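Colleague: Below are the C-alpha cells for one structure; questions will follow.
The values are calculated or read from the model by the stated rules, or taken from the named source; none is laboratory data. Predicted model only: the values in this text are computed from it and were never measured. Neighbour counts are summed over all protein chains in view; Cβ atoms, including those assigned to glycine, are modelled from backbone coordinates with ideal geometry. The accessibility values were calculated without ligands, DNA or RNA, using every heavy atom of the protein model including side chains. Shrake-Rupley method; radii C 1.70, N 1.55, O 1.52, S 1.80 Å.
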Amino acid sequence: GQSGATITCQEMGCNRSFHLPCAMEGECVTQFLPQYRSFCWEHRPEQAVEAAPEENTTCLLCLDPVGHTKSYTTMVCPACKRAWFHRDCIQGQALRAGITCFRCPLCRDMEIFMSEMFLMGIRIP
C-alpha cells in the first residue's frame, strides 16, 4: 500500500505488490530459484503432502508445538511425512547447512526435501 513496493505476485491477473520485508510479515512466498518468483498470501504455493501432525507434535528443531495442521508457519517433510517444523526454524537450518548439507532432520532425505523447501520459499545458500 506504500510507494516502493516493487515485488509483484506472479499469479496471472493478480496486481498485488509488496516490499520484501513486508512479504514475510504478510505470509507471502518468494522462491529463491533462478526465476525468483514471488506470490502474495492468496496465491502462494502450499504443500501438497496429505499429513496432519499428531497431538502434541513438536518442531524437531526448537521443540515447541507445531499446532494441529500445515500452515504458512508449520511445514512437514514431503518424503517421510513425520518430520514437522516451523518455517523460521527450517529457514535457519537451511542457512546454516547450505545446499550441500541441507536435508530432512528426521529421515535425512535430501532430494525430495530440498526441492519442496525451494518451492515453499526456503532460501538455501
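Colleague: Would you tally the residues in region 1-26 being at positive phi and open to solvent by less than 70 Å² (accessible area, probe 1.4 Å)?
Modeller: The total comes to 1.
Colleague: Tell me, which residue of region 62-75 that is hydrophobic (A, V, I, L, M, F, W, C) and out of contact with any Asp or Glu (no Cβ under 9 Å at 6 or more places or on another chain) is least open to solvent (accessible area, probe 1.4 Å)?
Modeller: VAL66
Colleague: Can you name the residue in region 94-122 that is touching a helix residue (DSSP H, G or I) at 6+ places or on another chain (Cβ under 8 Å) and outside any loop (DSSP other than H, G, I, E, B) and is also nearest to LEU33 (Cα to Cα) among such residues?
Modeller: Once the filter is applied, the top-ranked residue is MET117.
Colleague: For region 12-43, name all the residues that are within 18 Å of the chain's Cα centre (by Cα), charged (D, E, K, R) and farther than 17 Å from GLN91 by Cα.
Modeller: ARG37, GLU42
Colleague: Would you pick out the residues in region 29-44 that are open to solvent by less than 30 Å² (accessible area, probe 1.4 Å) and free of Cβ contacts under 8 Å to residues at least 60 places away in the same chain? Full working, then the answer.
Modeller: Step one: filter region 29-44 for residues open to solvent by less than 30 Å² (accessible area, probe 1.4 Å), giving 29-31, 38-40.
The answer is SER38, PHE39, CYS40.
Colleague: Identify the single condition in (1) assigned to a strand (DSSP E or B); (2) touching a Phe, Trp or Tyr at 6+ places or on another chain (Cβ under 6 Å) that LEU61 does not satisfy, given that it satisfies every other one.
Modeller: Going through the list (1) assigned to a strand (DSSP E or B); (2) touching a Phe, Trp or Tyr at 6+ places or on another chain (Cβ under 6 Å), LEU61 breaks only (1).
Colleague: Let me ask something else. Do we have GLU42 as modelled with pLDDT under 95 and either outside any strand (DSSP E or B) or touching a Ser or Thr at 6+ places or on another chain (Cβ under 6 Å) (or both) here?
Modeller: Against the criterion (modelled with pLDDT under 95 and either outside any strand (DSSP E or B) or touching a Ser or Thr at 6+ places or on another chain (Cβ under 6 Å) (or both)), GLU42 does not qualify.
Colleague: Quickly run through region 11-26 and pick out the residues that are touching a Cys at 6+ places or on another chain (Cβ under 9 Å) and in a loop (DSSP other than H, G, I, E, B).
Modeller: GLU11, CYS14, ASN15, ARG16, GLY26
Colleague: Any residue in region 60-78 that's in the same structural domain as LEU106 (by the TED database) and in contact (Cβ under 8 Å) with a residue 40 or more places away in the chain: show its pairings with residues that are open to solvent by 70 Å² or more (accessible area, probe 1.4 Å) and of a type in the set (A, V, I, L, M) at Cβ separation under 8 Å, as long as the two are six or more apart or on different chains.
Modeller: Final answer for the pair search is LEU60/LEU106.
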